[in-house]
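Novice: Here it is, the structure in full.
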Amino acid sequence: HRPPAALRITTDDAKKILGTVTEGKSKAVRLIAYAKAGEGLEAAKAAVGASKKIDVARLTPIAEDTLTVDRAQALLGELDTIGPGEAISRFRTLEDRFLGHASLTTTEIREFIETLVKKDALPQEVHLPTTGKNALPSALGAWREESKALGYDLAFAPKSGWTAVVDDAGNVIVSDPFVHFQSGRRAISARNPIGQMADSLMRGISQRTIINDSRNRMVKIAAERQTGLAPAEARAVHRVMLRLAGEHGVTPRGLVGVTRIVNGVKGNGIHQAFEEVLGAARLAELEKVADPVYLAMAAFRGNMSHVGLTQAITGTIKAESSRHLPIAQITEYLYPKARFEWNPLFQAQEKIESPFWNALRGVRKAIVDPEMQETYKAFSNLPELRYLDIEYAGLYLFGDIAAQKVVGSGGVFGRFMAKYGNVARSKQIARFDQTVFDHGKYFQQAIEDINPRYWRVMAEEYGTTDPGKIAVTFFKEREAEAAGRIDDVIGHSIQTAYDAGDTAAGQALNRAAGVARGGSRASGGAVKTFSEADLETIYTAWRESFRQSSLQAYKTHFFNPDRGWLERTLNHPYLGFYPLSYMYGKVLPEFARFLLKRPFGLEAPLVGMNAVQRVQQTLLAQRAMNPEFDTFLNDHKDAIYLIEVLLPGTPTNIPVN
């Protein structure tokens with residue numbers, strides 16, 4: 001297979017791109033070479049299949065610094081001559097075992113090598129002749145010849161497999177001394193086919209994955225259509241489309257409904273994205289060979305394996321009809337506007353919803369001083385903790401983030417609702433309150449799983465058993481401790497800069513130190529009782545528990561960002577059951593938690609469900625004992641609906657329609 005001409009690269013171009021070869025680039029190239037050699041060997045083994053002449057399953061690639069049986073025997077013969085330093089520098093296994101050891105002797109190295117050979121922990125080079133009766137199969141011979149240039153040869157993996165190597169006394173010498181190459185061609189999972197199918201249907205698919213798919217499709221389609229767009233230009237157009245979609249509160253495909261004057265003529269947001277990157281002249285040339293709207297629609301169609309069957313079908317229809325029918329304008333622009341931005345009921349629902357969820361969970365307003373609130377919010381916006389990237393990952397999902405984006409926006413009803421507070425901002429505040437409120441219990445669980453002593457020390461030092469207060473106080477202390485060390489960290493650098501006469505550098509470092517010192521607060525004693533290693537462990541647990549709390553809060557107030565293929569397929573406004581993700585992905589779990597486990601945040605299993613049943617039983621008894629009440633309900637059936645609305649939903653009465 002040869003790639004299209006637009007995707008090929010010459011050796012000279014590659015040299016220009018690489019520029020100065022750094023250690024990092026060298027490692028990357030070596031990893032690529034290893035992957036190429038390993039994948040090639042897997043393909044050759046698959047072509048050979050089972051063979052009586054050679055144990056194909058044990059074949060593995062070895063590098064020039066791989067210690068094999070033959071190389072071990074040769075090294076033992078010259079070990080006394082070359083010395084320990086030279087010996088361990090030749091082979092990675094010896095380097096991993098002995099590098100940095102003081103007073104290393106050849107006897108130690110010899111005993112270690114002999115143990116590896118004795119325990120069958122080293123690969124054996126393949127010594128079959130390449131011609132005659134015992135010739136290598138042609139596919140393997142071809143691989144061996146081709147891989148010499150990459151520095152790899154052919155060997156048999158140890159028969160003992162991935163076992164720990166122990167001495168005669170039972171002491172572990174080294175564990176997993178040899179690891180097979182693993183590739184996508186080799187089945188390493190023992191899960192049965194039905195389980196694998198279930199995994200593929202239910203496994204979470206992140207929005208980042210979907211966006212990366214669309215970017216790759218943009219590059220591929222631009223090359224296949226011979227548009228003349230370089231890959232970097234296609235990616236730039238994709239990036240601008242995401243930015244414009246965020247600015248206009250629509251999905252990227254919804255830009256077809258955004259009217260703009262492009263290149264002196266009436267166009268849309270998609271044309272604007274192409275013009276920003278290419279300029280008016282290049283855009284005019286592009287339009288002679290391809291339709292920018294089609295390129296964008298096809299790119300954002302999504303891969304069926306990720307976006308689901310129904311979204312892939314409608315995405316294909318929108319792409320293929322983009323030049324003739326206004327389907328995309330209706331479905332991606334007008335429909336979200338009508339259903340969400342211009343809908344006062346939806347706006348009011350969004351205003352009420354978040355405080356309601358927090359009430360069911362017993363979430364109280366975060367009692368955090370303003371300075372710490374800003375620190376927490378900045379922390380929550382770290383890339384690994386952001387579950388909504390308005391200008392990037394989120395805008396692709398129709399009916400989810402498109403709905404959220406227009407809440408409280410500049411539309412007629414959006415401006416009306418804004419009089420009662422910014423709806424989108426109020427939801428984010430409610431999410432922040434839940435994140436901080438729930439973080440303590442996640443933090444406590446993580447710490448007690450690692451070492452209960454850590455938690456006891458913090459509880460004693462802070463004088464409280466409230467996990468939320470402990471989590472906040474620890475973070476304050478750690479921030480103060482880090483700020484307090486600023487002089488030790490860069491004080492020497494500041495003085496060095498001034499001594500060298502670089503006043504500008506000294507002043508810049510001084511300003512940076514001042515900013516860091518300004519964040520310092522009075523430090524308690526818990527942080528100082530831990531070693532650096534313990535402190536880093538606790539802080540890692542703090543970050544991970546904050547991530548878990550933040551993710552749960554995002555699911556509660558917005559939606560699950562990592563839904564599976566089956567859910568994405570079923571959750572479709574035209575071809576599926578809508579809003580399935582909302583009703584069964586958010587409403588049902590929240591009510592189930594309230595009814596069965598923690599009503600209003602209290603540890604009271606089944607109390608909520610019992611209360612619902614008692615209300616239902618009381619209604620039935622009242623109807624049986626009070627004829628007038630029974631007659632009223634028969635004559636006013638909407639009253640029953642109103643009563644049901646006031647009660648939490650159960651699995652039997654949460655609809656998707």
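Novice: Carbon and sulfur together cover what percent of the accessible area of the stretch 1-95 at a 1.4 Å probe radius? Mind showing how you got there, number by number?
Specialist: On the way: 3390 of 6030 Å².
Of the solvent-accessible surface of the stretch 1-95, carbon and sulfur hold 56 percent.
Novice: What is the Cα centroid distance between the stretch 32-59 and the stretch 191-216, reported in whole angstrom?
Specialist: Taking the Cα centre of each part, the stretch 32-59 and the stretch 191-216 sit 28 Å apart.
Novice: Right, another one. With a 1.4 Å probe and all protein chains in place, put Val363, Val166, Val29 in order of accessible area, largest first.
Specialist: So, going from the largest accessible area down, we get Val29, Val166, Val363.
Novice: List the residues whose amide H sits under 5 Å from the amide H of Leu59, counting only those 5 or more places along or on another chain, with H placed 1.01 Å from N in the peptide plane.
Specialist: Ala157
Novice: On to the next question. Can you tell me the FRET efficiency between Leu345 and Asn634 if r is taken as the Cβ-Cβ distance and R0 is 25 Å, rounded to the nearest 0.05? Mind showing how you got there, number by number?
Specialist: Details: r = 29 Å, r/R0 = 1.15.
For Leu345 and Asn634, the calculated efficiency is 0.30.
Novice: Can you give me the solvent accessible area of Thr540 with a 1.4 Å probe, rounded to the nearest 10 Å²?
Specialist: Only protein atoms counted, so the area is about 80 Å².
Novice: Just tell me which lysines come within less than 25 Å, Cα to Cα, of Lys220; anything on the same chain fewer than 8 places away is out.
Specialist: Leaving aside lysines fewer than 8 places away in the same chain, those within reach of Lys220 are Lys15, Lys16, Lys36, Lys288, Lys318.
Novice: Go through 327-334, 112-119 and give me the packing order, highest mean Cβ count within 10 Å leading. List each step's numbers first, then the result.
Specialist: Working: 327-334: 19.6, 112-119: 17.0.
Packing proxy ranking, top to bottom: 327-334, 112-119.
Novice: A further question follows. In terms of modelled amide H atoms, which long-range or inter-chain residues lie less than 5 Å from the amide H of Asn268?
Specialist: Arg260
Novice: What percentage of the solvent-accessible surface of the stretch 526-604, computed with a 1.4 Å probe over protein heavy atoms, is contributed by carbon and sulfur atoms? Kindly include the intermediate steps, with their values, before the conclusion.
Specialist: Working: 1990 of 3320 Å².
The C+S portion of the solvent-accessible surface of the stretch 526-604 is 60 percent.
Novice: Shifting gears a bit: Would you mind classifying the stretch 255-318 by shape? Square roots of the alpha carbon gyration tensor eigenvalues, ordered a ≥ b ≥ c; an a/c under 1.5 is rounded, otherwise it is prolate if a/b is larger than b/c and oblate if not.
Specialist: Numbers: a/c = 3.00, a/b = 2.19, b/c = 1.37.
Here the stretch 255-318 falls in the prolate category.
Novice: Still on this structure, I have one more. For Tyr34, what accessible surface area do you get with a 1.4 Å probe? Give it in Å², rounded to 10.
Specialist: Approximately 80 Å² for this residue.
Novice: Could you state how much accessible area Thr618 has, in square angstrom rounded to the nearest 10, with a 1.4 Å probe and all protein chains kept in place?
Specialist: 90
Novice: Counting other Cβ atoms within 10 Å of each Cβ, which GluC sites (Glu not before Pro) in the stretch 581-646 have at most 16 and sit in a DSSP loop? Can you show the working numbers first?
Specialist: Numbers: sites: Glu590, Glu603, Glu628, Glu644; in loops: Glu603.
For GluC sites (Glu not before Pro) across the stretch 581-646 that sit outside H, G, I, E and B with at most 16 neighbouring Cβ atoms in 10 Å, the list reads Glu603.
Novice: Next question, about the same structure. Given a 1.4 Å probe and heavy atoms of the protein chains only, how would you sort Phe591, Phe474, largest accessible area at the top?
Specialist: Working: Phe591 25, Phe474 0 Å².
Most to least solvent-accessible, the answer reads Phe591, Phe474.
Novice: Same structure again: Excluding residues fewer than 8 places away in the same chain, name every one of the lysines whose C-alpha is closer than 26 Å to that of Lys469.
Specialist: Once the sequence-local lysines are set aside, what remains near Lys469 is Lys365, Lys377, Lys427, Lys441, Lys528, Lys555, Lys597.
The values are calculated or read from the model by the stated rules, or taken from the named source; none is laboratory data. Predicted, not measured: the structure shown is a model, and the values here were computed from it. Cβ sites come from the backbone with ideal geometry, for glycine too, and all protein chains shown count toward neighbours. When the accessible area is computed, the model is the full protein with side chains, heavy atoms only, and any ligands, DNA or RNA have been set aside. Shrake-Rupley method; radii C 1.70, N 1.55, O 1.52, S 1.80 Å.
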